[in-house]
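The values are calculated or read from the model by the stated rules, or taken from the named source; none is laboratory data. Small disclaimer: the values here were computed from a predicted structure and weren't measured. FYI the Cβ positions are ideal-geometry reconstructions off the backbone, even for glycines, and counts take in every protein chain you see. All accessible areas refer to the heavy atoms of the entire protein, side chains included, with ligands and DNA or RNA removed. Shrake-Rupley method; radii C 1.70, N 1.55, O 1.52, S 1.80 Å.
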Amino acid sequence: MHIRQKFTTTILCTALLASCGQKSPTAVSGNVDKPAAPASQTAAIVKRAAAPELSAEYAALRRQQIADVNYQMSLQLSDQKETYTGHIVADTKIAQPLQQPLTIDFSGGAVDRVSIDGQDIPVDYNGYFITIPADKLKTGENKIAIDFQHEYSSDGSGLHHFKDPQDGNVYLYTHFEPYKANRFAPLFDQPDLKASYTVEVTAPADWQVVTSTRENKIDTLDDGRKLWHFPASKKFSTYIFPLHAGPYVVWENKAGDIPLRLMARKSFAENVKPQDWFKFTQDAFAFYQKYFDIPYQFGKYDQLIVPDFTIGAMENVGAVTFNEAYVSRGEKTQAQRQRLANTIAHEMAHMWFGDLVTMKWWNGLWLKESFATYMASLALSENSEFDDVWQNFYLGSKRWAYSSDSLVTTHPIEVPVPNTAAAFSNFDGITYGKGGSVLEQLPYFLGKDAFRQGVSNYLKEYSFGNAELKDFMGALGKAANKDLDQWTQEWLYQPGVNTISTSYQCTDDKITSLTIEQTAPKAYPTLREQKVQLGMYRMQDGKMVRAKVLPVVYSGASTEVQDAAGLPCPQILFPNDEDWAYAKVRLDDKSIQQVTQHINDIDSSFTRLMLWQSLFDSVTDAKMPLTDWIDFALANAGAEQNINVIRLISSHLEAASAYLYRLNLPQALRDKKLAAIESFVWQKLNTATADSDAQQTWFSAFAQIANTDKALDDAQQILTGKRKIDGLTLDQDKRWRLIILLNRYQHGDYDALLQAELDKDNSDRAQNAAIRARASRPTAEAKQLWLDNIQHKRDQYKLSQIKAAAGALFPAEQQQLYRDVSQQLFDAIPAVTATEDTLYNKAYAMLFPVTCSKEGIDQYSRALEQNQELIPALGRILKDRRQQSGWCLDMDTLQQKAINQ
C-alpha cells in the first residue's frame, strides 16, 4: 500500500494472479497449507468481543482451528441500487475438534442464510461477525455457505460506490487493508489464512469487471446484464483480494509476456497518459524479475485509477488501485512523473514482498511496506529515466521518517499489534519511511550482492505462505554470513533517531585525528552501528568540491577513524555524505561557518539539499530564530538552480510563512517578513524559465503564501486572464488553487469566480476544491457551518468531502477563528470516538492545528486526560499536536530573545 505523505507521495500495494496451485519452478512454497497446531498445543479458549476490530489473540486461535480455506463467491452488482447481494461458499478444512465456536468476519451487512454442507443452521450474526457453533463443524472438510447483503460504501473501504457527477456513470472498487475485506463479504479476514478465490459477477452490460484473474467466460443474460466467470486464483490473503467494476476505459500493453491493462473512468480518461504508466510498469517488471530471480507469479497485471481513494495506491493481487491524484489535468513536472513511477514500482514490489510472501500478523506490516518503499527507489535508480532518485527518496521517505521518529508517538519498526485498530495507526512514517531508510543502509552494511541473494532466498522459501521478521533477517544473515541479531535489536526493536557529529584536528593542512561521535535521545538511549560516508569538501577554483570521501562503520558513543589521518583538512566535513545512514547530523562549528558563507558554492546538489534541510531543522529545533533563517534563505535561495533544492526551499518558505502567523511576533515584523517572502516567491515565479518545473514549483508556493492585496489582485488577474506569465499554462487544477486562495482571504470576486468555475467544471475534483474554498473563508459563519457538517451531517458527505473541509478549515492565519470554536472541537471527541469509524476519526484529526500557546497545549492535555480510550488514529494525532505545539512555543521563546537583543 502506498500512503500519500506530507512530503511526497508514498504508496504501497500488490497484485496477484494465476491458476490455483501452480508455481514457478523457482518459487518454492515454504508454508502453504501448513497444518494447525495439534490439540495438545491449542491455545486456551478466547472469547471474542462484539467489536469492529479483530484481536491478535483471537486470530492466532482461529489459525489453529482452520487448516485450509478456499472461497467461491457470486455477486449481483447494480448501478441503480444502494446495496449488492452475494452468495459465498467457504470450503473450510477444520484442523481438529473445535473447543469453541468458529466466527466469520462480516461487518455492517445483513445475513439471510447460513448452511453447513447443505444443511441450514440458525443465523447468529451480531453486526461484526457470524458465529458457527462448534458442534456444527467436523474435523476435515466443511462447506460453509452464506447468503448476504451489504450497502456500498462511500468512505473508500469495503466495496466503494462512486457516481460520476459529470456523466452519471457508476464505478465500484474494493479497498480492504488492513481489516476491511469483512465490510465486503463474510471472510476469515486475517493475513495468515490465505485462500484461493473463484468468482462470478452479474453486472450491467457496459461494465468491465476486474478481479485477480482474467475472466474465462462472459454470458449475456435475458435481461441484458452480463455474467462474468473468473477461474480460481492462487492463494493470497483477504486484504489484497480485488473486485472492481464499472464502464472503465481500458488501455492494453505487455511487459514481456505479462498482459498489462490500465483503466480509468470515462470522464477522466482524457487526462491519463498511458504511455508513462506502461513505460514505468515495464521498467519495474524488467528490474524485479531479474533482481528477485523469481518470475511474476500472478498472470496478468491490471492498474486502475479510481476516484475517492483514501490512500495513494493499493497492491491488490493482479488489480492495483491508484488515487486519481496521480493524474494531473495539465503537464506534470518531472518530480510528479517520478512520484508516479515510484508508486507504480512500490506497488509492484508488493507482488513479491507482501502478496507472494505475506506477514503472519500486522506486527509484520513493515516486512512489506518498508521493503516496497526501499525497492521502489532501488528499481528507479537502476532501471529508469530518472537520475536523482535517491535525492527524492531523501526528500520524501527519509524526511518523513526523521519527523515521525522525533514525535512522542514514535515506535519501533517491529511493534506489537494487539488488534487491527492498532494496525491501522501503524501505516506511518516509521513503517514506511524509517523502515525503508533502514533497509537502504543494509546493502552498504552487508554488501549489495549478499543483500540481493538473501532477499531472493527468502522469497523462494516462503512463496505463497506467511513469514515473520526472524525469517527475513535469517535469510539475509545467512547470505551475508553475518549474525544480525544485534543489528535487529538495535534497528528494528528500538525507536528513536541518533545524531552523529565529527571532531577532528589538522596540522599543516592534514588531518591528524578524526572521531565520529554518536548521541541518542534520553527517552531512547540506544546507540547503533551503521556504515556512513564522510564527505570532505574544500574550495577549488571558486567551488566547494568534494575532495575526498571515506566510508566508515561506526558504533557506540565514539569511533576513531584511523584511515582519515593524512587526508587534506576539510573546510566542510559532512558525516552523512550521499545519505547512506539513517541519522541526524550536527555539523562542527567550522563547517557551519563555511556552509553559511558558501552554500551556493557547494558543487554537490545532494549535499546542498541535505544542508538546507539541516538549516531549517535548526529553526524547528529552536536553535535558530525563524527570522534569521528567513533572511538567510531570501539572501541565498535565488541563486539555486537544482530543482530538488528549489522544491525543498519553496516548501520551507511556505512553512516559514505559517510559523510567522503562529509565533507571537510584533505585527510590523510579521508583516515585513511575510511581504518579503511573498515578494521573493512572486519574483521567482515571474523570472523562472518558461514552462519549467521551477516555474510550476514557484506557482504552487505563490498560491499558498500570497496574502497582501496586491498579490491577491495579481492572483485574480492570472485567473481571469488579465495577467499572463510567460510559459505558465493555467490548467484546471491550477485554476482551483487560485480560487481557493481568493476565498481564503475573501478577496475580490471570490464567490462569483467560484460559482463560474463550478459551472465550467463540475467534476468531483472540482466539487472537493469548492468545499476547500468555502471552508477556508475567514468568517465565523463559514467555520461553524462546516464544523457542523463534519460533526453532525457526515452521513450526507463522502469521506473525501469531509477530508477536504477538515483540511482547509483552519489555515495558519486564522488562529483566532480556531480558538473561538476550539472547545466545540474538543467537546465532540467522545462522540467521534463512539462512531468506532477509524477513517472518520482520522479525518476528524485533521481539524487540530499546531498552536503556539500554553493555553492550546493545555487544551490538548485535558482532552487526552479526559478521553483515555481514543481510537489510535485520533489519539496519536492529539499527542503529536501537543508535542509540536510545545516545539512551536520553544521557537517562540527563542524568537523573543532575538527580538529583544
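So Ala831 ticks every box in (1) at pLDDT 95 or above; (2) under 30 Å from Leu742 (Cβ atoms); (3) surrounded by fewer than 18 Cβ atoms within 10 Å (Cβ to Cβ) but one. Which box is left unticked?
Looking at each condition in turn, Ala831 falls short on (2).
Filtering segment 307-316 down to residues that are of a type in the set (A, V, I, L, M) and touching an Asp or Glu at 6+ places or on another chain (Cβ under 7 Å), which residue is farthest from Thr211 (Cα to Cα)? Let's see the steps before the verdict.
First, the residues of segment 307-316 that are of a type in the set (A, V, I, L, M): 311, 313-314.
Okay, now just the ones that are also touching an Asp or Glu at 6+ places or on another chain (Cβ under 7 Å), so 313-314.
Working: Ala313: 16, Met314: 14 Å.
Per the stated criteria, the residue is Ala313.
Pairs, please: C-beta under 7 Å, at least 6 apart or cross-chain, first residue under 11 Å from Gln72 (Cβ atoms) and in segment 86-104, second open to solvent by 30 Å² or more (accessible area, probe 1.4 Å) and at pLDDT below 95?
none
Enumerate the pairs (first residue in segment 751-771 and β-branched (Val, Ile, Thr); second residue anywhere and assigned to a helix (DSSP H, G or I)) with beta-carbon separation below 6 Å, excluding pairs fewer than 6 apart on the same chain, so at least 6 apart or on different chains.
That search, which allows pairs on different chains as well, returns Ile771/Gln801; Ile771/Ala804; Ile771/Ala805.
Does segment 627-634 contain at least one residue that is assigned to a helix (DSSP H, G or I), polar (S, T, N, Q), modelled with pLDDT of 95 or more and surrounded by fewer than 20 Cβ atoms within 10 Å (Cβ to Cβ)?
No, every residue in segment 627-634 fails to be assigned to a helix (DSSP H, G or I), polar (S, T, N, Q), modelled with pLDDT of 95 or more and surrounded by fewer than 20 Cβ atoms within 10 Å (Cβ to Cβ).
Looking for whichever is open to solvent by 10 Å² or more (accessible area, probe 1.4 Å) and within 23 Å of the chain's Cα centre (by Cα) here; the options are Val250, Val272. Which one fits? Write out each step before concluding.
Details: Val250 fails: within 23 Å of the chain's Cα centre (by Cα).
Going through Val250, Val272 in turn, the sole match is Val272.
Scan segment 203-245 for residues that are in a strand (DSSP E or B), farther than 15 Å from Leu159 by Cα and touching a residue at least 24 places away in the same chain (Cβ under 8 Å) and report the count.
Looking only at segment 203-245, we keep the residues that are in a strand (DSSP E or B), and these are 203, 208-210, 217-220, 226-230, 236, 244-245.
From what is left, the residues that are farther than 15 Å from Leu159 by Cα are 208, 217-220, 226-230, 236.
Next, only the ones that are touching a residue at least 24 places away in the same chain (Cβ under 8 Å) stay: 208, 226-230, 236.
So the answer is 7.
For the structure I just gave you, tell me whether Ile413 is open to solvent by less than 20 Å² (accessible area, probe 1.4 Å) and not in a helix (DSSP H, G or I).
Values: open to solvent by less than 20 Å² (accessible area, probe 1.4 Å): yes; not in a helix (DSSP H, G or I): yes.
Criteria met by Ile413.
Among the helices (runs of 4 or more DSSP H) confined wholly to segment 823-901, which include 2 or more residues that are without any contact (Cβ under 8 Å) to a residue 12 or more places away in the chain and either over 16 Å from Tyr661 (Cα atoms) or acidic (Asp, Glu) (or both)? Give the derivation first.
On the way: elements: 829-834, 838-845, 854-866, 872-900.
Correct list: 854-866, 872-900.
For residues that are outside any helix (DSSP H, G or I) and modelled with pLDDT of 95 or more, scanning just segment 768-796, find the one that is surrounded by the fewest Cβ atoms within 10 Å (Cβ to Cβ). Spell out how you get there, then give the answer.
We begin by selecting, within segment 768-796, every residue outside any helix (DSSP H, G or I); these are 776-779, 793.
Those left that are additionally modelled with pLDDT of 95 or more: 776-779.
Values: Ser776: 24, Arg777: 21, Pro778: 15, Thr779: 11.
Of everything passing the filter in segment 768-796, Thr779 is surrounded by the fewest Cβ atoms within 10 Å (Cβ to Cβ).
Checking the condition closer than 20 Å to Tyr173 by Cα and assigned to a helix (DSSP H, G or I), which residue from Ala335, Ala341, Ala325 passes? Step through it out loud before you land on a result.
Working: Ala335 fails: closer than 20 Å to Tyr173 by Cα; Ala341 fails: closer than 20 Å to Tyr173 by Cα.
None of the other options fit; the residue is Ala325.
Hey, among the residues in segment 455-484 that are in a helix (DSSP H, G or I), among the charged types (D, E, K, R) and in contact with a helix residue (DSSP H, G or I) (Cβ under 8 Å, 6 or more places away or on another chain), which one's farthest from Tyr444 (Cα to Cα)? Talk me through it step by step, then tell me what you get.
Taking segment 455-484 and keeping what is in a helix (DSSP H, G or I), we get 455-461, 469-480.
In the following step, the residues that additionally are among the charged types (D, E, K, R) were identified as 460-461, 470-471, 478.
Next, only the ones that are in contact with a helix residue (DSSP H, G or I) (Cβ under 8 Å, 6 or more places away or on another chain) stay: 461, 471, 478.
On the way: Glu461: 24, Asp471: 21, Lys478: 16 Å.
Only one residue tops the list, namely Glu461.
So in segment 583-593, with the set limited to residues that are out of contact with any Phe, Trp or Tyr (no Cβ under 8 Å at 6 or more places or on another chain) and outside any strand (DSSP E or B), which one is most open to solvent (accessible area, probe 1.4 Å)?
Asp589
Sort through Lys136, Lys163, Lys143 and tell me the only one that's within 26 Å of Asp206 (Cβ to Cβ) and surrounded by fewer than 21 Cβ atoms within 10 Å (Cβ to Cβ).
Working: Lys136 fails: within 26 Å of Asp206 (Cβ to Cβ); Lys143 fails: within 26 Å of Asp206 (Cβ to Cβ).
Unique residue meeting the criteria: Lys163.
Please tell me if Leu527 is touching a residue at least 12 places away in the same chain (Cβ under 8 Å) and over 33 Å from the mean Cα position of the chain (by Cα). Show your work before the answer.
Values: touching a residue at least 12 places away in the same chain (Cβ under 8 Å): yes; over 33 Å from the mean Cα position of the chain (by Cα): no.
Criteria not met by Leu527.
For segment 116-128, check the following and say yes or no: at least one residue is closer than 30 Å to Val417 by Cβ and open to solvent by less than 10 Å² (accessible area, probe 1.4 Å). Spell out how you get there, then give the answer.
Residues of segment 116-128 closer than 30 Å to Val417 by Cβ: 124-128.
Imposing the further condition that a residue be open to solvent by less than 10 Å² (accessible area, probe 1.4 Å) reduces the set to none.
No; the residues of segment 116-128 include none that is closer than 30 Å to Val417 by Cβ and open to solvent by less than 10 Å² (accessible area, probe 1.4 Å).
Just to check your reading of the model, which residue among Ser501, Ser463 is touching a Leu at 6+ places or on another chain (Cβ under 8 Å) and closer than 30 Å to Arg63 by Cα?
Values: Ser501 fails: closer than 30 Å to Arg63 by Cα.
Result: Ser463 is the single residue among Ser501, Ser463 that is touching a Leu at 6+ places or on another chain (Cβ under 8 Å) and closer than 30 Å to Arg63 by Cα.
Would you check which residues across segment 179-220 are open to solvent by 10 Å² or more (accessible area, probe 1.4 Å), more than 28 Å from Tyr296 (Cα to Cα) and among the polar types (S, T, N, Q) and list them?
Scanning segment 179-220 gives a single hit, Thr220.
Taking segment 534-577 as the region of interest, how many residues are over 21 Å from Gln597 (Cα atoms), open to solvent by 50 Å² or more (accessible area, probe 1.4 Å) and not charged (D, E, K, R)?
Number satisfying all stated conditions: 8.
Would you check which residues across segment 665-720 are closer than 22 Å to Ile739 by Cβ and acidic (Asp, Glu) and list them?
Selection gives Glu678, Asp709, Asp713, Asp714.
For Asn600, only one of the following conditions fails: (1) open to solvent by less than 30 Å² (accessible area, probe 1.4 Å); (2) at pLDDT 95 or above; (3) farther than 27 Å from Lys897 by Cα; (4) of a type outside the set (Val, Ile, Thr). What is its number?
For Asn600, the failing item is (1).
Name the one entry in Lys434, Lys460, Lys398 that is surrounded by fewer than 21 Cβ atoms within 10 Å (Cβ to Cβ), in contact with a Ser or Thr (Cβ under 8 Å, 6 or more places away or on another chain) and touching a residue at least 60 places away in the same chain (Cβ under 8 Å).
Working: Lys434 fails: surrounded by fewer than 21 Cβ atoms within 10 Å (Cβ to Cβ); Lys398 fails: surrounded by fewer than 21 Cβ atoms within 10 Å (Cβ to Cβ).
When all the criteria are applied, what remains is Lys460.
Determine which member of the set Thr281, Thr321 is under 20 Å from the mean Cα position of the chain (by Cα), closer than 24 Å to Glu385 by Cβ and open to solvent by less than 10 Å² (accessible area, probe 1.4 Å). Walk me through how you get there before you give the answer.
Working: Thr321 fails: closer than 24 Å to Glu385 by Cβ.
It is Thr281.
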